[in-house]
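Take a look at the structure below.
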């Protein structure tokens, strides 16, 4: 090829690769396979290596990082990056809204924009002639640091924008963060390779952006949402913030799908409450909601005071991290004999509740943290997740801080504690028939919502049943009588009758729930559903070989071995026979009948609040029809069921053209398949 032909080919390749990066990382709707993308990228790399003089700063190849920098240059922001006033109550938010109206002489219309407040790192990105030329941290609001080389490595950040009517120069502001799932996956990989994990997603994002070696930044799972226009040098003169976001999205910037326009305080508070309810499911950390006046002329009229805009405010949620002290570490025994260290904490208020305990997972985690009794620690609680110790504040370690040692014997039954193979988890060497803690935890699992769903069979009742010898295994539950349990603490005559009714009702279940309830190691809810759909009934599953099991989705050699070992145990078979004799049953799926699993190979997503049934029940019904139920919407989603309060998942489905049905349509769909919501 001539030099001009090479240049033309490079330009075409860059456009194609950037297009597919945008489809994958921003729209979550790829148009080509990974192999096809790799072929395009490899060709681009090969041509650029052969013609280094034609490499451009906006080339996708520059995302892999360049030579390490010696330091970060200082950048003076052309327009200051202001911080926000905060509020924590509806009354305070109402006061802010009143102040805005009064300063604007109480306009008839004051439209507001609400959006989640991402807990990440604020950045400003400058584009010239459509090319990213500068990325800077917020710093002190006036002066930040030049992190352009690092930001170029983030796949969701456009390096070049090809659009009509683009301003000559403009600045976009946003928040760079690490998605929660990617954070955990990254830390798991670090643990496997012996590298130091990230403390939390926000610190991980901040630390990643301040790496002098951008190749390290490129290895971190960073992404971003843009949230505003900083300044513009050109003819573009938008009238409203909502117009800005719509235009930025058109140009290929990643805008949060939960952004919403509202008109009054009630609508603001409804949004605040809705996002708080979804907080644990968003997939990224937030610490509140930002509310802004939409009209840009009104923003200018309101102005700013003490480096804070009057036209915006942050509604802050309860903190999910706090500092406290480790008073002691105790060891609990799980249903599989796993010994789990639990930290007893000086009580601290975090995530809206007072926390006194935190999980430590295993002794490897204690070693990684270098944790000792008496240490001051940072703990984190997100939604309903059990609090975790994130890091030790070593500067506050007392001289008498005590080392934490794994006990030699099980605290519940006195049997030796052992490590099996290369497992990180230590276990009680006794069987559940001997260890009361394993029996109790096994029964809790069996009765849990996602398993047999036995209403009223709580922890205290289970403890009494085991301690009095009334119940030794799950099969015994279906032999107990009203008279036997009416005398237990916390069980009056009526409560005992209700529990007997709940036990009777639980006999009618599904094969997937039953398999999950058995408590087979490594077999979670999704794997149990796959096993049920593949085998159709219990006898074929119990007689399956490891090779047969590995044909099931999500079942590898380790899980297959666990399943084979479980059904080879005479004690487990005895319990299963007792359960079936006691009346537990489920519908059998005829695997030779193609209509038995009408949703096989389909992926469904549930979002919002279903009013006629619990979401877990809806999920179980869909799995019973052969569907996979996912937690996020993508181009591969077959159907979305949206109840009241549906947010970003519904928006994403509408953007991608994924079919959506409301709850009434979903119930009708189930009825068409002879399934009752009750």
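Here are some notes:
- When the helices (runs of 4 or more DSSP H) confined to the range 596-678 are screened for residues that are under 24 Å from residue 537 (Cβ atoms) and modelled with pLDDT of 80 or more, those reaching at least 3 such residues are found at 615-624.
- When residues of the range 417-476 are limited to those that are under 30 Å from residue 192 (Cβ atoms) and touching a helix residue (DSSP H, G or I) at 6+ places or on another chain (Cβ under 6 Å), the one surrounded by the most Cβ atoms within 10 Å (Cβ to Cβ): 450
- Screening residue 230 on (1) crowded, with 19+ Cβ neighbours inside 10 Å; (2) touching a strand residue (DSSP E or B) at 6+ places or on another chain (Cβ under 9 Å) shows it passes everything except condition (1).
- Applying the criterion of being out of contact with any helix residue (DSSP H, G or I) (no Cβ under 9 Å at 6 or more places or on another chain) and in a strand (DSSP E or B) to the residues of the range 288-313, the residue that is surrounded by the most Cβ atoms within 10 Å (Cβ to Cβ) is 290.
- Pairs, first free of Cβ contacts under 8 Å to residues at least 60 places away in the same chain in the range 420-437, second part of a helix (DSSP H, G or I), C-beta under 7 Å, six or more apart: 436/466
- Tally of residues being under 21 Å from residue 441 (Cα atoms) and surrounded by 17 or more Cβ atoms within 10 Å (Cβ to Cβ) across the range 481-497: 3
- Single condition residue 411 does not satisfy, out of (1) in contact with a helix residue (DSSP H, G or I) (Cβ under 6 Å, 6 or more places away or on another chain); (2) assigned to a loop (DSSP other than H, G, I, E, B): (1)
- When each of 624, 643, 608 is tested for being in contact (Cβ under 8 Å) with a residue 24 or more places away in the chain, buried (at least 17 other Cβ atoms within 10 Å of the Cβ), within 20 Å of residue 528 (Cβ to Cβ) and not assigned by TED's automatic domain parsing to the domain that holds residue 281, the lone residue that passes is 624.
- The number of residues in the range 131-157 that are assigned to a loop (DSSP other than H, G, I, E, B) and either out of contact with any strand residue (DSSP E or B) (no Cβ under 9 Å at 6 or more places or on another chain) or more than 24 Å from residue 21 (Cα to Cα) (or both) comes to 6.
The values are calculated or read from the model by the stated rules, or taken from the named source; none is laboratory data. Predicted, not measured: the structure shown is a model, and the values here were computed from it. All Cβ positions, even for glycine, are placed from backbone atoms using ideal geometry, and neighbour counts span all protein chains on display.
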